[in-house]
Amino acid sequence: MKTPDVIIMMGSDSDLPVMQKAEEVLKDFNVTCEIKICSAHRSPNFLHQIMTDYKDTKVFIAGAGMAAHLAGVVASLTVKPVIGVPLSGGFCKGLDAMLSTLQMPSGLPVATVAVDGSKNAAYLAVQILALNDKALTQKLSAYRSAQEAQIIAKNKKK
Ligand code: RP5
């Protein structure tokens, strides 16, 4: 089995519509990734198994809603960067998940993006991987330039 550079984890298959957007971004940059549905609460043994099986993965993205402990537990099981995505499914519309994801104790960081911000989780993962990959850095620079050009073009259409 070839180890993917990024694992995209989520607490439930109900999180897939949001979290698949991270997969799309990573594919755009030709970054290898796999999706894993594994709950910190409902399937703790499976989560531990994944963290053992994918110990050589470079970046972990973890999205969860409500009492969102997935990213924190993942961070406790690796020294690799962990990016948390709070999801908005709960009755607090993501405020609950945001606080659960980002309020980590000192010494165990989770880089938390916006509520439902799975795309930015992927861009941040690409930026981390690009630290040791010149081609990926060039792709990121090209993406940023294209993004700016698109905004300028929208002004010309007015
Ligand atoms: C969390 O509970 C999951 O990440 C999901 O966002 C939320 C609801 O899960 P389901 O009841 O839809 O499976 O653990």
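Table for the structure above
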read-out	value
Residue satisfying all of: in region 86-98; of a type outside the set (Ser, Thr, Tyr) and assigned to a loop (DSSP other than H, G, I, E, B); nearest to the ligand (Cβ to nearest atom) among these	GLY89
Residue identified as of a type in the set (Ser, Thr, Tyr) and in a helix (DSSP H, G or I) among THR101, THR57, THR78	THR101
Any pair with Cβ under 9 angstrom, 6 or more apart, that starts in region 1-29 at a residue that is part of a helix (DSSP H, G or I) and ends at one that is within 16 Å of the ligand (Cβ to nearest atom) and among the charged types (D, E, K, R)	VAL18/ASP116; LYS21/ASP116
Residue tally, condition free of Cβ contacts under 8 Å to residues at least 40 places away in the same chain, farther than 24 Å from LEU99 by Cβ and hydrophobic (A, V, I, L, M, F, W, C), over region 114-139	3
Considering residues of region 35-85 that are β-branched (Val, Ile, Thr) and within 12 Å of the ligand (Cβ to nearest atom) only, the residue farthest from GLU23 (Cα to Cα)	VAL73
Those residues of region 80-106 which are under 15 Å from ALA62 (Cβ atoms) and among the basic types (Lys, Arg), in sequence order	LYS80
Yes/no for ALA71 being in contact with a Leu (Cβ under 7 Å, 6 or more places away or on another chain) and surrounded by 15 or more Cβ atoms within 10 Å (Cβ to Cβ)	no
Condition broken by LEU102, with the remaining ones in (1) surrounded by 19 or more Cβ atoms within 10 Å (Cβ to Cβ); (2) touching a strand residue (DSSP E or B) at 6+ places or on another chain (Cβ under 6 Å) satisfied	(1)
Criterion violated by ASP5 - all others in (1) within 15 Å of the ligand (Cβ to nearest atom); (2) closer than 28 Å to ALA146 by Cα satisfied	(1)
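Listed here are the residues, each with its yes/no results for (1) polar (S, T, N, Q); (2) at pLDDT below 95; (3) within 30 Å of LYS134 (Cα to Cα).
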{"residue": "SER12", "(1), (2), (3)": "yes, no, no"}
{"residue": "ILE35", "(1), (2), (3)": "no, no, yes"}
{"residue": "SER39", "(1), (2), (3)": "yes, no, no"}
{"residue": "LEU47", "(1), (2), (3)": "no, no, no"}
{"residue": "MET51", "(1), (2), (3)": "no, no, yes"}
{"residue": "THR57", "(1), (2), (3)": "yes, no, yes"}
{"residue": "ALA62", "(1), (2), (3)": "no, no, yes"}
{"residue": "GLY65", "(1), (2), (3)": "no, no, no"}
{"residue": "THR78", "(1), (2), (3)": "yes, no, yes"}
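The values are calculated or read from the model by the stated rules, or taken from the named source; none is laboratory data. Source: prediction; values computed, not measured. We place every Cβ from the backbone using ideal geometry, glycine too, and count neighbours over all the protein chains shown.
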